[in-house]
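As structure tokens, the structure follows; a few thoughts come after it.
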Amino acid sequence: MALLEMKLDGVMYDVLKRPIVILRYEDRILPILVGNAEAFAIANGMEKVEMPRPMTHDLITFILKGFQTSLQSVQVYKLEGGTFYAYLMLNQEANGEGDMSIIKIDCRPSDAIALAVRMASPIFVEEEVLRVAGQDSIPQEETEGGEEDEGEEDFLD
């Protein structure tokens, strides 16, 4: 299957006040339920808010940069039992001579997205995941009535 490069639209809250990250590919969106702390980290990263002390995702970013490792991309590769799975695809110098190796690390999508925002890295979603869990994008004026879509499933990070 193909990986699709997504745009991070932002963080919003559903009718039950649960935080949701919205990824977009053309006219499709992929909503992912996340925790409050992760939503805060993603929103702060998007707004480039600087905290007085490094938060967890900032610390991880500093560590990766300190080891001359870059985040090549985030890949949301699977949806199983209502839970999304993601990889961090890291580039690291392999031998001190400029050769790079790719390291794949399993990660929650929310943590991966929080890092991608901080490191300006692309976010990819497996085409099948978007097909199964994605939704057609609805223009904002149609959603202001506040009606919840019946049959809508919750997908967790």
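No lab work stands behind these numbers, since they all come straight from the coordinates. Worth saying up front: this structure is predicted, and the values here are computed from it rather than measured. A quick note on method: Cβ atoms are made from the backbone with ideal geometry, for glycine too, and the neighbour counts reach across all protein chains shown.
Estimated from helical segments only, the mean residue ellipticity of the chain at 222 nm is -8000 deg cm²/dmol, where each DSSP H run of four or more residues counts as -39500 (n - 2.57). Reachable lysines from LYS7, Cα under 21 Å, same-chain residues fewer than 8 places away excluded? Leaving aside lysines fewer than 8 places away in the same chain, those within reach of LYS7 are LYS48, LYS78. When you count the other C-beta atoms within 10 angstrom of each residue and take the mean per peptide, 23-30, 119-126 line up highest first as 119-126, 23-30.
Pop the C-beta distance of LYS17 and ALA94 into the FRET formula with R0 = 41 Å and round what comes out to the nearest 0.05. Don't jump to the answer; show the numbers that get you there.
Numbers: r = 46 Å, r/R0 = 1.12.
Efficiency computed from Cβ-Cβ geometry: 0.35.
Residue ranges 46-54, 65-73 sort as 65-73, 46-54 when ordered by packing (mean number of other C-beta atoms within 10 Å per residue, highest first).
Debye calculation, C-alpha points only, no solvent: report log10 I(q)/I(0) for region 1-59 at q = 0.24, 0.27 Å⁻¹, in the same order as the q values. So the normalised log intensities work out to -1.00, -1.11. Neighbours of ALA114, meaning other residues whose beta-carbon lies under 14 angstrom from its beta-carbon, give a summed charge of -2 when Lys and Arg score +1 and Asp and Glu score -1. Electrostatic tally near GLN68: other residues with Cβ closer than 14 Å to its Cβ, Lys and Arg +1, Asp and Glu -1, net -2.
Where does helix 36-47 land angle-wise versus the long Cα axis of the chain, in degrees 0 to 90, nearest 10? Tilt of helix 36-47: around 70 degrees. Placing a pseudo-label 7 Å from each Cα along the Cα-to-Cβ vector at ALA2 and ARG131 gives an inter-label distance of 1.2 nm. Please find, in a Gaussian network model of the chain (springs between Cα atoms separated by less than 10 Å), the residue of GLY96, GLY82, GLY35 whose mean-square fluctuation is greatest. The residue that fluctuates most here is GLY96. On full extension, the segment bounded by ASP106 and ASP9 gains 32.6 nm, given 0.36 nm per residue less the C-alpha separation.
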